[in-house]
Amino acid sequence: GENVEQHPSTLSVQEGDSAVIKCTYSDSASNYFPWYKQELGKGPQLIIDIRSNVGEKKDQRIAVTLNKTAKHFSLHITETQPEDSAVYFCAASLGGNQFYFGTGTSLTVIP
Amino acid sequence: GAVVSQHPSWVICKSGTSVKIECRSLDFQATTMFWYRQFPKQSLMLMATSNEGSKATYEQGVEKDKFLINHASLTLSTLTVTSAHPEDSSFYICSARMGGQPQHFGDGTRLSIL
C-alpha cells in the first residue's frame with residue numbers, strides 16, 4: 001500500500017518568514033495530494049490540494065508543489081502569521097477515495 | 001463551503017457503555033463517508049469507508065462488531081462504539097465527500113471511557 005512520510009515533525013519560524021513542509025509518497029499511482037490544517041481539538045481543514053497533472057498550485061500565501069518523478073510534494077507558506085500555527089498533514093490518494101496521511105508537522109509561528 | 005457536522009463533540013462514559021457518534025453533511029450529499037481515529041499527537045488512521053445504502057468497508061485490524069457504522073442516508077452516517085472500554089478512548093473524526101470532490105472533515109468527537 002501507499003506510504004507517506006512527512007518532515008519535519010515540528011517547525012518554528014518567526015512571523016513573516018516562510019515555512020516549508022515536505023512529504024514523500026511511495027505509490028506512483030497516487031494522483032491526488034491534499035494538505036490539511038488541524039487546530040487543537042478540531043478536525044482537519046482542507047487548505048490546498050493538487051492533482052498529478054499539475055506541478056504547482058498557489059492560493060494567496062499558500063502554495064503546493066508536486067514532483068511526480070521524485071514522488072514528493074511540498075507545502076509552502078509565505079509571510080507566516082501567528083494564526084498559521086497548527087498541525088499540518090499531507091495526504092496521498094488514488095482518486096480521492098482512501099487517503100494515506102503523513103505523520104503531521106506542528107508549526108509554531110513566533111510573533 | 002462544504003460543512004460536515006459531528007455530534008457530540010465530547011463524550012465521557014463508563015466502561016461497558018455503547019456510544020453513538022453522528023456525522024452529518026450539512027450542505028451537500030455525501031456519497032461516501034469515512035471514519036478516522038486519531039491518538040494524541042499522531043496522524044489520522046482510517047477505520048472504515050461507507051457508501052450510502054451499503055455496508056461499510058473496514059480497514060485491517062478494525063473490529064466491525066466493535067465499531068458499528070451505519071450510512072442510512074446521503075447526509076448522515078453514525079459510528080457506534082459498542083461496549084466501550086478505556087482503550088477505546090480516542091478522538092474520532094468523520095469526513096464526507098460527494099462524488100469526486102475532496103473530503104471534508106468534521107470537528108471530531110473526543111471519547112473518554114472511564
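Computed from the coordinates by the stated procedures, all read-outs in this text should not be read as laboratory data. These numbers were taken from a predicted model, which means no experiment stands behind them. Virtual Cβ from ideal backbone geometry, glycine too; neighbours counted across all protein chains shown.
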For the stretch B:1-88, size of Cβ-based charge dipole, Lys and Arg +1, Asp and Glu -1, in debye: 120 debye
Rounded Å value of the spacing that divides the Cα centres of the stretch B:1-76 and the stretch A:85-105: 18 Å
Student exercise, the stretch A:15-86 dipole from Lys, Arg, Asp, Glu Cβ charges, in Debye to nearest 20: 380 debye
Across chain B: Cys residues that no other cysteine approaches within a C-beta distance under 4.7 Å: B:CYS13
Relative contact order of chain B, pairs being alpha-carbon contacts under 8 Å that are 6 or more residues apart, as %: 38 percent
Leading residue at positive end of dipole, chain A (Cβ point charges), from A:ILE50, A:GLY95, A:PRO8: A:GLY95
For A:45-56, mean number of other protein chain Cβ atoms within 10 Å: 1
Radius 10 Å from Cβ of A:THR103, net charge of other residues (Lys, Arg +1; Asp, Glu -1): 0
Per-selection Rg to Rh, the stretch A:1-83 - Cα, Kirkwood hydrodynamic radius: 0.97
Square roots of 5 times each gyration tensor eigenvalue, C-alpha, chain B, largest first, Å: 22, 14, 13
